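Nothing in this text is a laboratory measurement; each read-out follows from the coordinates by a stated rule. Predicted model, so just to flag it, every value in this text is computed and none were measured. As a convention, Cβ positions derive from the backbone with ideal geometry for all residues, glycine included, and neighbour counts pool all protein chains shown.
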Amino acid sequence: MKAAVFREYNKDPEKVVKIEDIDTPKLKPTEVMLKAEAAAYNYNDLWAIWGEPIKVPSPHISGSDVAGTVVEVGEDVTKFKVGERVVSHSNISCRVCEACTSGREYDCIDRLVWGFQTGPMWGGFCQYTHLPEVNVAKIPENVSFDDAAAISMVGMTAWHMLVGRAKIKPGQMVLIMGGTSGVGMAGIQIAKLYNCTVIATAGNKEKMDKCSEIGADYVVNHREADWHKKVREITHKQGVDVIFEHIGKAVFPQEVGLLKMAGTLVSTGATTGYDSTIDLRYLFFKGTNLLGSTQGTKAELEEVIYWTGKGKIKPVVHTILPFSDMVKGHVMMAKAEQIGKIVTTPQRL
């Protein structure tokens, strides 16, 4: 079968990622084999190629979001059959520790992000891949493989942030930072699904317009020095109930100051840096809730797929690349050229 493989780290994906012929993997008794019809890109694919912030197993196949058809099942598999349409749940956990059995598989001490930390040669950018039965979810006929792959990780992550962690409620004022990122676009739509008022941020007019198009009630440019003052004006100086955060150092202090009394900031990343500061008076005088969040449960992924099937969450796909040109997706992502997810099609060379 064909797979996108790299055998060394490099800042330039085009120098190391190559389409190779490799053996089709052999199944364990609890696994299913997928014919990969669509695989979406995430920033962790670049981290893997760069070898930063962690070194991944080598040789390596990246890709954490794959959708396709079950073509083989292990002898102990009971919930899936050949021919069913499925999407990956990329949170690989032990399933037996206290965190896992409490429904918090994202807190498992042995957790790995499939297609990023797994391997060697175990990810989604290949024509056939395998996953534990517990790490695939069925997708309805009216959800395309492209859309399923595009929404799976970012949708699950955004759902976990807003619903699982922040416990959003109808009528709340929600600030979605970086509204045209993958998680940001999912976050806007999930907050609107819950009938919240959404303020989104973006870095230019084109991206701001996209935020409005997918449902944001207000949009501000977070590259402007006074962006937080504009948010406060929109709220009539009342502040916001929930902040959806993944930008980090460049905006974190201002974000904390925008929260209402007992408001909640939920963070899943820090693309501009980790070493931020806050005014601690906001924390204790206002009863501020600062929450961390990563990945999500399979049940949360299934919620996202359900609402995608109902048309309430609409994946935004920027481009679909044939597998022979799939490395172009890494280059586009590194340059932040796209608005929406990039998808490749392993079965179409």
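How many nm separate the modelled label positions at SER212 and LEU112, each set 7 Å beyond the Cα in the direction of the Cβ? For the pair SER212/LEU112, the computed spacing is 4.7 nm. Restricting attention to the chain, close to 55% of DSSP beta bridges with both partner residues there are antiparallel. With neighbours defined as other Cβ atoms within 10 Å of a residue's Cβ, the residues HIS160, HIS130 order from fewest to most as HIS130, HIS160. Straightening the chain between VAL96 and LYS310 buys 73.7 nm, computed as 0.36 nm per residue apart minus the Cα-Cα spacing.
Simple spin-label estimate for ASN289 and ASP325 gives 4.6 nm between the two label positions (7 Å along the Cα-to-Cβ direction from each Cα). Global dimensions of segment 158-292 from alpha-carbon coordinates: Rg and Dmax equal 13.2, 39 Å.
In straight-distance terms, cross-link reach from LYS81 covers every one of the lysines whose alpha-carbon lies under 19 Å from its own, apart from those fewer than eight places away in the same chain; here that gives LYS26, LYS28, LYS35, LYS138, LYS298. A straight chain from SER58 to ASN221 at 0.36 nm per residue would run longer than the Cα-Cα distance by 54.7 nm. Residues in segment 282-298 carry Karplus couplings, in order, of 4, 5, 8, 6, 9, x, 5, 9, 10, 10, x, 7, 8, 6, x, 8, 4 Hz; the curve used is 6.51 cos²θ - 1.76 cosθ + 1.60 with θ = phi - 60°, and Gly or Pro positions show x.
Across segment 158-292, Cα pairs under 8 Å and at least six residues apart give a relative contact order of 22 percent.
Alpha-carbon geometry of segment 269-349: the Rg and the Dmax are 19.0, 58 Å, given in that order.
Segment 219-282 to segment 51-74: how many Å between their Cα centroids? Taking the Cα centre of segment 51-74 as reference, the centre of segment 219-282 is 34 Å away. The mean sequence separation of alpha-carbon pairs under 8 Å and at least six residues apart, normalised by the residue count of the chain, gives a relative contact order of 18 percent. Ordering of 315-325, 56-66, 247-257, 224-234 by packing is 56-66, 247-257, 315-325, 224-234, highest average first (other Cβ atoms within 10 Å, averaged per residue).
In the chain, the ratio of gyration radius to Kirkwood radius, Rg to Rh, stands at 0.97 when only Cα atoms are counted.
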